[in-house]
Every structure is written in C-alpha cells, then in structure tokens.
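Contents: one structure, followed by commentary.
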Amino acid sequence: MKPTDKTLKRAVKLRELLNDYNYRYHVLDDPSVSDAEYDKLFIELRELEQQYPELITADSPTQRVGAAPLKEFAEVQHEVPMLSLENAFEDEQVEAFYKRIQDRLAKYKFNSIDLQEFESEHMEIPIVCEPKLDGLAVSLRYEKGLLVRAATRGDGFTGEDVTENVRTVRSVPLRLHGKDFPDVLEVRGEIYMPIAEFKELNSKALANQEKVFANPRNAAAGSLRQLNPRITAKRQLAIFCYGIGAFSDKLPKTHMETLAKLRSWGFPVNLEIKLASDKQKSLEFYQQLSVKRQRLPYEIDGVVYKVDSLADREILGFVSRAPRWALAHKFPAEQVSTIIEDVEFQVGRTGALTPVARLKPVSVGGVTVSNATLHNMDEVKRKDTRIGDTVIVQRAGDVIPEVVSVLLEHRGKNVKKIKMPAKCPVCNSAVEQIEGEAAARCTGGLYCSAQRKEALKHFASRRAMDIEGLGDKIIDQLVECGLVANPADLYALTQDQLANLERMAEKSASNILTALADSKKTSLARFLYALGIREVGEATAKNLAQHFGELTPLFSATVESLQEISDVGPVVANHIVTFFAEPHNRTVIDKLLAAGIHWEKISRDPAAQPLHGMTFVLTGTLATLSREVAKEKLENLGAKVAGSVSAKTNYVVVGTDAGSKLKKAASLNIPIMDEESFLEFLHKQ
C-alpha cells in the first residue's frame with residue numbers, strides 16, 4: 001500500500017521540523033522544544049518510514065543511526081587539498097609570522113614604499129583567532145544542499161570516505177539550512193569527542209576491562225574510522241566547521257564573513273572565534289584561551305591564526321604543504337613530575353572505588369594540580385605505583401589529572417604499597433571485589449551517601465517502583481535538603497516537606513504523595529529490580545521472583561543455589577549474596593516493608609498459572625494500561641510476551657496506532673484482541 005498525500009505531507013513536515021530543531025540546538029544553541037517533544041516527533045517519523053520505506057530520504061534525521069558495516073573505506077581525492085599548518089611554540093615565532101605576512105603584503109601592495117618607513121606606520125592586518133581543536137579534520141561535500149560525501153584529511157590530497165559514519169554525527173547537517181547556498185559546497189571542519197562523552201566511554205571500557213582511549217582525539221578518530229557505522233552512532237561525536245574547500249559560487253571577501261555564511265547554512269561554528277586587529281590582540285587571545293581552556297567542554301591544544309582577507313591570502317600563497325597565511329600556536333606540554341604524598345579512595349555514584357593520588361602541588365598548564373586519578377587497582381599494579389613515588393602527571397582530556405607513569409629511578413626506600421580498603425570510606429559497608437573485574441565496589445547501595453541520588457532515581461523509575469512525578473530534579477533537592485537518605489525515607493515524606501521544595505506547588509506535592517501510596521502495591525519482581533542490585537535487570541528480577549516466590553528465602557540464598565536459576569551466573573549470584581549480606585541494605589528493606597510495600601503472592605508452579613505456555617504480542621498504545629504493566633500482568637499469569645509476531649503467537653493485543661505487527665497477525669490468522677477485550681480477558685483469569 002502506498003502512502004496517502006496526507007502521509008507524504010506529514011513526513012515532509014516532520015523532517016523539516018526535526019532538521020530545524022537540530023539547527024537551533026547545535027548551531028544557534030537555542031533549543032526551541034524539549035527533548036521529550038523532539039523524541040515524540042522523531043518516533044512518529046520513524047514509524048511512518050517503517051510503514052512506508054519509500055518515504056525515507058537521505059536528509060531524514062532517522063538516517064543517523066548508522067548503515068550496515070563496511071568492508072573497507074574507499075579513497076577520496078580532495079578537489080582542494082587539505083593542507084597542514086606551520087607550528088609555533090613561542091610568542092617570538094608568532095611575531096615573526098606576523099612580520100613575514102606584513103612584509104609580503106607590503107611588497108605586493110606598496111612596492112614603491114620603503115618597507116622600514118611602512119612598518120613604522122604599523123600596517124594592521126586583521127587576523128582571525130580560532131581554538132585549535134584536537135580532533136579529526138574532515139571535508140563535507142554538499143550538492144544541491146544535500147550531504148553526499150564526507151572524507152578524512154588523510155595525507156591532505158587523498159582521504160578516506162567516511163560518509164556513513166559522519167551521517168551519524170547529529171551536529172552535521174544532512175540538508176543545508178536556508179536557500180542561498182551554492183550548488184556545490186565543500187566544508188572543512190574538525191570532528192571531536194566532547195570531554196564528558198570521552199570520560200563516560202573510558203569509564204565503561206574500564207568497567208568492562210576493555211582498552212581505554214588515551215585522549216579525546218584518539219577516541220574521536222577511532223570512533224569515526226569504525227567500519228561499523230552503528231558503533232559510531234553510539235558515540236556522541238560533534239563538529240565545528242572552520243572553512244570552505246570547493247565552492248561553485250563567489251566566496252565572501254573575508255574569513256569572518258565565510259564563517260557567518262557557514263553558520264547560516266546550518267554548520268556549527270566555534271563561538272570562541274575572534275577577530276584580532278593586530279599581533280598583540282592575537283597574543284592576548286592566546287593567553288585568555290589558555291586559561292579558559294580548562295572550562296571548555298572539548299579539548300583544544302592551541303590557537304590557529306588566519307589572515308582574515310581572502311584576497312590577501314591569495315597574495316600570500318603557500319609554502320610546501322602549508323599556507324603562508326595561517327599559523328598554529330600550540331599550548332605548552334601538559335606533563336610534569338611530582339610526588340605522591342598519599343592515596344585516598346573516592347566512591348562514585350555506582351559504588352565503584354577509585355584510588356586518587358594526593359600529590360605534592362604542581363603547576364600543569366597554568367593550573368595547580370594536587371590530585372590525580374589512578375583509575376583502578378589493576379592500573380596501580382600495572383604501573384607499580386606506590387605512595388612516595390615520583391610520577392609523571394598529565395591533564396587527561398584537559399580536565400582530569402592522571403598519573404601517567406612512575407619514575408622508578410627516583411624510588412626511595414620508604415615508599416608504601418597501595419591497598420584497597422576492606423570497608424567503604426564513605427559508609428563503612430563491605431567492599432566487593434569480583435575476580436576478573438577491574439573495579440571494586442561498595443556494597444551499601446541503598447545506604448551509601450555517595451550512591452544515594454542514583455539509587456533513589458533508579459528506585460523511583462517507571463520500570464521499578466514507578467513513582468510518577470518523582471523526577472531527577474526533585475530527588476536531587478530531597479537529598480540536598482537532607483530529607484531523604486535512602487528509599488525508605490521517601491514513604492515518610494509529608495505534604496509540607498514536598499510543597500516547600502523549589503518549583504513545587506501544593507497540588508504537585510499532593511500528586512507525589514498519591515504516587516508514593518500507589519507504588520506500595522507492586523510486584524516482587526519490580527521490588528527486586530528497584531533495589532538496584534548490580535547486574536540484576538528486569539529479566540533476572542522476574543526469574544528470581546518466580547523461583548523464590550517471596551523475598552525472605554533470598555536473604556539466605558547461596559551462590560550455588562542462585563546459579564540454579566535461569567539467567568544467573570556466578571558473578572550475578574555473588575552480587576546478590578553480597579547485597580543481602582550487607583546489614584545496611586537489610587535495614588532499608590525492612591523499613592520499606594514496614595512502610596507498607598507489598599505484592600501478590602506468586603504461584604511457583606508454572607502449570608498452575610492459567611496462561612502458562614501461551615505467547616502474546618503487544619502493539620500500539622494502550623489507553624488504560626501502559627505496555628509495561630500489561631506485559632507484567634501477562635507474565636504473572638504465566639504467559640510469554642514476545643516482541644514480534646510469529647506462527648507460535650497465541651494472541652496479539654492491539655492498541656491505537658498499531659503498526660506492522662497487526663498486519664502480520666492478520667496475515668497469519670492469529671486472534672486479535674482490542675484493549676477492552678484484553679481487560680475482560682485478564683479479569684476472567
């Protein structure tokens with residue numbers, strides 16, 4: 001079936017809206033809709049395209065998820081070479097650069113004037129000062145406003161085709177904004193990984209005992225050069241554009257005008273870029289940025305100076321593979337040596353203990369550093385780091401200082417080995433170290449103040465206790481005001497306490513209290529999931545609930561007995577035993593039960609469950625029940641809830657806006673229930 005005219009128009013409208021919202025978010029830094037509204041429209045467009053694949057276009061926001069894996073990258077010849085820059089490390093080198101361009105331009109423009117006399121008149125050459133991003137240079141080619149190819153710099157003349165990977169970068173426009181762009185446009189830019197994403201990526205790698213990236217630049221390059229674009233799509237890469245290559249129209253007269261044009265066409269342009277009237281202003285920009293760089297959300301390693309006038313650039317020309325009209329002024333090296341005076345252990349939001357070196361204060365890149373991360377005990381052992389050692393320290397990612405290496409030749413006799421504490425330094429709960437895992441963790445998940453906010457947010461989440469209205473910001477306030485220390489404290493909150501929170505009215509406070517009261521009636525599976533036991537997800541929680549039927553037997557379960565349960569291996573079993581063995585956690589659980597949390601008794605005999613052996617599929621939006629609640633009710637009755645329709649499906653439950661599953665069910669003659677019939681069916685069980 002072909003899409004109707006109404007559907008076609010709606011798809012076009014959705015693409016226009018989403019691309020405009022992306023432009024406002026990534027280029028103007030002025031979001032015009034909430035994330036929830038954006039996601040709603042995105043899902044609507046994706047569902048339309050799934051139903052009618054002919055609606056998919058190259059500029060659709062849905063095409064950023066990543067294409068099929070590539071066998072290799074094809075070569076791309078750059079129509080306009082992507083040249084490298086000459087480097088400077090001292091102010092004197094910048095002054096010499098300025099003098100060279102001054103002399104060359106003077107000879108060309110004012111050949112009859114004595115250069116000494118001319119120089120004394122302070123010929124001003126406007127210079128554009130840009131942060132030198134530490135990422136991966138790319139060239140983006142647009143034809144008729146559509147992105148058709150993206151390539152890496154390579155050797156400057158030949159790069160690699162990374163089009164499918166670049167499509168996944170949300171700040172890269174798939175279709176140009178506005179109408180005055182040329183038919184052919186090649187834009188040069190730097191793809192980078194924000195520092196926050198870099199830290200999260202390495203944190204996950206350490207937790208999974210995988211190789212970590214040395215810095216955000218390596219992470220960006222590694223992510224962009226993945227043969228599987230779906231992996232690139234999972235990394236939050238971004239871009240800043242700074243110039244033009246091939247161009248099928250007249251170029252603006254200056255570089256600053258060029259940047260303004262790029263921004264109007266939808267390209268992110270760095271907001272730190274400034275126009276300096278002379279060399280002194282350029283050096284002042286460098287000094288200011290060298291201080292400000294510590295607060296930037298991305299990594300830079302210097303400043304790039306470019307002559308603003310494009311006509312002057314033509315006069316200045318090139319030398320070898322570098323332009324005479326540009327210079328990279330690099331920041332000083334960011335590594336120094338110092339002494340580890342002590343080591344303390346910090347507890348993260350997930351309970352992971354991180355050894356932190358207390359250093360003899362030292363200046364690194366203009367910032368005094370007195371602490372540095374040692375990552376984990378595996379890294380400590382690998383580097384043989386000890387208290388009293390002389391070490392090399394660097395600012396990893398320009399934000400977090402880290403110990404890079406130990407200078408063993410300076411090791412004295414009084415150094416001390418670093419040992420993992422047996423008890424959490426925050427809450428005194430036992431520290432768990434699973435064999436084969438890099439991170440050791442505090443087991444006081446429900447009690448430890450370092451994990452408090454994350455434990456509460458998980459506990460209240462929709463798939464756990466489903467406490468409607470109790471969002472992240474309210475939980476942050478409750479913890480910061482000292483009103484809530486663990487999940488049990490939520491059920492002791494009063495109307496006045498909630499109403500006195502920032503941006504909280506009486507009605508909202510009342511709604512939260514109602515939601516808290518409603519959440520007391522739950523299921524054992526939801527309760528177990530809400531406790532936040534490491535690696536116990538929804539499926540494992542359901543298996544535990546079905547196996548034990550009640551909570552009490554879990555308290556005395558052994559690692560061996562737990563492994564008899566489907567989906568529970570030795571690592572998960574150990575997490576469960578350790579969690580329930582911690583007295584602090586048991587105290588909180590007792591308080592939760594005393595507050596009135598309860599659930600229906602579960603039949604442990606699968607044969608006694610009325611829907612045992614039956615398979616259901618849910619599709620569309622249910623008005624009375626959420627899909628999660630409907631799924632839970634079916635599973636409690638012994639049914640299996642599948643994600644796709646097959647010949648083995650017994651029933652398909654259909655809500656509003658049902659999609660392809662409904663069609664497939666009809667084609668296989670599988671019984672279909674609407675919501676009313678489904679509720680009546682449940683009532684009879």
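The values are calculated or read from the model by the stated rules, or taken from the named source; none is laboratory data. Worth saying up front: this structure is predicted, and the values here are computed from it rather than measured. When we count neighbours, we look across all protein chains shown, and the Cβ atoms used for this are built from the backbone with ideal geometry, even at glycine. With ligands, DNA and RNA removed, areas are computed over all heavy atoms of the protein, side chains included. Shrake-Rupley method; radii C 1.70, N 1.55, O 1.52, S 1.80 Å.
Tabulated data
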{"quantity": "Helices (runs of 4 or more DSSP H) lying entirely in the range 180-252 (those with 2 or more residues that are without any contact (Cβ under 8 Å) to a residue 60 or more places away in the chain and open to solvent by less than 40 Å² (accessible area, probe 1.4 Å))", "calculated": "195-207, 216-224"}
{"quantity": "Residue match in the range 425-442 (condition: in a strand (DSSP E or B) and over 29 Å from the mean Cα position of the chain (by Cα))", "calculated": "yes"}
{"quantity": "Identity of the residue in the range 427-440, at pLDDT below 90 and open to solvent by less than 80 Å² (accessible area, probe 1.4 Å), that ends up farthest from P487 (Cα to Cα)", "calculated": "G436"}
{"quantity": "Restricting the range 125-144 to residues that are touching a helix residue (DSSP H, G or I) at 6+ places or on another chain (Cβ under 9 Å) and in a loop (DSSP other than H, G, I, E, B), the residue that is most open to solvent (accessible area, probe 1.4 Å)", "calculated": "P126"}
{"quantity": "Residue check for S566: of a type in the set (G, A, S), under 22 Å from N636 (Cβ atoms) and modelled with pLDDT under 90", "calculated": "yes"}
{"quantity": "Where G351 falls short, out of the listed (1) within 27 Å of the chain's Cα centre (by Cα); (2) open to solvent by 30 Å² or more (accessible area, probe 1.4 Å); (3) on the phi > 0 side of the Ramachandran plot", "calculated": "(2)"}
{"quantity": "Any hit, the range 290-303, residues being crowded, with 20+ Cβ neighbours inside 10 Å and more than 28 Å from the chain's Cα centre (by Cα)", "calculated": "no"}
{"quantity": "Residue selected from the range 375-411 under the condition open to solvent by less than 30 Å² (accessible area, probe 1.4 Å) and among the hydrophobic types (A, V, I, L, M, F, W, C), by the criterion modelled with the lowest pLDDT", "calculated": "A396"}
{"quantity": "The range 441-460: number of residues that are open to solvent by 10 Å² or more (accessible area, probe 1.4 Å), more than 20 Å from F345 (Cβ to Cβ) and either in contact (Cβ under 8 Å) with a residue 40 or more places away in the chain or touching a Ser or Thr at 6+ places or on another chain (Cβ under 8 Å) (or both)", "calculated": "1"}
{"quantity": "Residue ranges of helices (runs of 4 or more DSSP H) in the range 467-511 with at least 2 members over 21 Å from Y447 (Cα atoms) and open to solvent by 40 Å² or more (accessible area, probe 1.4 Å)", "calculated": "495-499"}
{"quantity": "Residue identified as surrounded by 15 or more Cβ atoms within 10 Å (Cβ to Cβ) and either not aliphatic (A, V, I, L, M) or not in a helix (DSSP H, G or I) (or both) among A658, A647, A630, A623", "calculated": "A658"}
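Residue-by-condition table, conditions (1) at pLDDT 80 or above; (2) out of contact with any helix residue (DSSP H, G or I) (no Cβ under 8 Å at 6 or more places or on another chain); (3) farther than 26 Å from R526 by Cα:
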| position | (1), (2), (3) |
| --- | --- |
| E600 | yes, no, no |
| H612 | yes, no, no |
| V641 | yes, no, no |
| A658 | no, yes, yes |
| A666 | yes, yes, yes |
| I672 | yes, no, yes |
| E675 | yes, yes, no |
